[in-house]
1. Between Ser192, Ser261, which is more than 18 Å from the chain's Cα centre (by Cα), among the hydroxyl-bearing types (Ser, Thr, Tyr) and under 30 Å from Lys92 (Cβ atoms)?
2. Going residue by residue through the stretch 91-102, is there one that turns out to be open to solvent by 40 Å² or more (accessible area, probe 1.4 Å), out of contact with any Asp or Glu (no Cβ under 6 Å at 6 or more places or on another chain), in a helix (DSSP H, G or I) and at pLDDT 95 or above?
3. Can you name the number of the only condition in (1) over 20 Å from the mean Cα position of the chain (by Cα); (2) more than 26 Å from Cys105 (Cα to Cα); (3) charged (D, E, K, R); (4) open to solvent by 70 Å² or more (accessible area, probe 1.4 Å) that Lys226 fails?
4. Does Asn166 count as out of contact with any strand residue (DSSP E or B) (no Cβ under 8 Å at 6 or more places or on another chain), farther than 25 Å from Gly28 by Cα and modelled with pLDDT of 95 or more?
5. With the condition being surrounded by fewer than 23 Cβ atoms within 10 Å (Cβ to Cβ) and on the phi < 0 side of the Ramachandran plot, I'd like the helices (runs of 4 or more DSSP H) fully within the stretch 1-44 carrying at least 2 qualifying residues.
6. Within the stretch 197-206, is there a residue that is in contact with a Ser or Thr (Cβ under 7 Å, 6 or more places away or on another chain), open to solvent by 10 Å² or more (accessible area, probe 1.4 Å), of a type in the set (Lys, Arg) and modelled with pLDDT of 95 or more?
7. Out of all the residues in the stretch 126-155, which are open to solvent by 40 Å² or more (accessible area, probe 1.4 Å) and either among the polar types (S, T, N, Q) or not in a helix (DSSP H, G or I) (or both)?
8. If a residue has to be modelled with pLDDT under 95 and among the polar types (S, T, N, Q) to count, how many in the stretch 258-274 make the cut?
Amino acid sequence: MDSQKLNFLQDKAAQIRKITIEMIGRLGSGHVGGSLSIVDVLTDIYYNVGNMSAARPDDPDRDRVVVSKGHAGPALYAVLADKGYFPMDNIKTLNKGGTSLPSHCDMNKTVGVDMTAGSLGQGLSCAIGMALAARMDGKDYRTYCIIGDGESQEGQIWEALMYAGNMGLDNLTIFIDYNRMQIDGYTDEINSLEPLPDKYKAFNLNTIRVDGHDISAIDDAISQAKETKGKCTMIILDTVKGHGVPWAEDKGVGSHSFAISEQQWREFCGKEND
């Protein structure tokens with residue numbers, strides 16, 4: 001990736017973080033940590049490698065994006081608003097009555113959302129169905145799915161991975177947001193996933209591990225996934241919950257969901273008034 005493109009994407013990720021913080025801040029509280037930790041991968045997908053457009057949100061040939069860890073919806077909404085899928089002013093309605101932006105993603109309410117986030121674990125199965133449908137229909141679109149590490153304690157995730165590995169879905173790229181924290185504490189203390197890379201390889205997945213906040217490394221991993229034939233690719237993103245916002249990072253496990261004061265979000269976003 002050339003330096004001009006990388007600089008653009010890094011600046012865009014910083015902008016998306018500000019939109020995400022403003023959105024949650026205007027509500028008063030929300031899922032901060034896990035939203036911020038996936039901003040960089042969303043940025044590379046939507047502003048660089050993905051084939052999708054706000055002008056044709058229902059294009060049958062578009063790439064699909066499934067945010068299975070649906071509580072990270074604010075980060076996805078920030079991207080979709082910035083891309084023009086809906087007016088930016090809509091971010092002020094996050095999780096309020098009558099909103100088109102509920103706390104967890106809903107494809108029936110939000111333009112640009114490809115799959116509703118139900119119980120954790122279900123999004124991956126849906127993404128696999130999309131990838132399988134593309135193969136059956138002879139379509140070239142790719143499906144990208146982002147799962148959480150706490151979510152990966154669900155049995156459905158492993159059933160889905162077994163199927164993806166057996167089917168050789170090389171048009172599917174899965175990312176795990178491996179920030180090592182979940183709502184109740186550290187994943188290693190609650191139900192450890194280690195040795196994670198070995199498990200994925202045992203499921204016949206092309207497994208790549210990168211710094212989840214290094215956009216260039218993420219982009220290289222996605223390129224490798226596209227070049228890999230006959231295998232589904234799993235990209236382990238080593239991330240920091242609340243990344244890019246110091247007072248969110250400092251909360252650690254407490255960053256899953258917390259209150260943001262008006263002063264906090266306005267100072268971070270550089271907005272003195274509306």
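1. Details: Ser192 fails: under 30 Å from Lys92 (Cβ atoms).
Result: Ser261 is the single residue among Ser192, Ser261 that is more than 18 Å from the chain's Cα centre (by Cα), among the hydroxyl-bearing types (Ser, Thr, Tyr) and under 30 Å from Lys92 (Cβ atoms).
2. Within the stretch 91-102, one or more residues are open to solvent by 40 Å² or more (accessible area, probe 1.4 Å), out of contact with any Asp or Glu (no Cβ under 6 Å at 6 or more places or on another chain), in a helix (DSSP H, G or I) and at pLDDT 95 or above.
3. (1)
4. Working: out of contact with any strand residue (DSSP E or B) (no Cβ under 8 Å at 6 or more places or on another chain): yes; farther than 25 Å from Gly28 by Cα: yes; modelled with pLDDT of 95 or more: yes.
Yes; evaluated as a whole, the condition is true for this residue.
5. Values: elements: 3-27, 33-36, 39-44.
In the stretch 1-44, 3-27 are the helices (runs of 4 or more DSSP H) which contain 2 or more residues that are surrounded by fewer than 23 Cβ atoms within 10 Å (Cβ to Cβ) and on the phi < 0 side of the Ramachandran plot.
6. So far as the stretch 197-206 goes, yes, one or more of its residues are in contact with a Ser or Thr (Cβ under 7 Å, 6 or more places away or on another chain), open to solvent by 10 Å² or more (accessible area, probe 1.4 Å), of a type in the set (Lys, Arg) and modelled with pLDDT of 95 or more.
7. Result: Gly138, Lys139, Asp140, Gln153, Glu154.
8. 1
The values are calculated or read from the model by the stated rules, or taken from the named source; none is laboratory data. Source: prediction; values computed, not measured. Backbone-built Cβ (ideal geometry, glycine too); neighbour counts: all protein chains shown. Just so you know, the surface numbers come from the protein's heavy atoms only, side chains and all, with ligands and any DNA or RNA stripped out. Shrake-Rupley method; radii C 1.70, N 1.55, O 1.52, S 1.80 Å.
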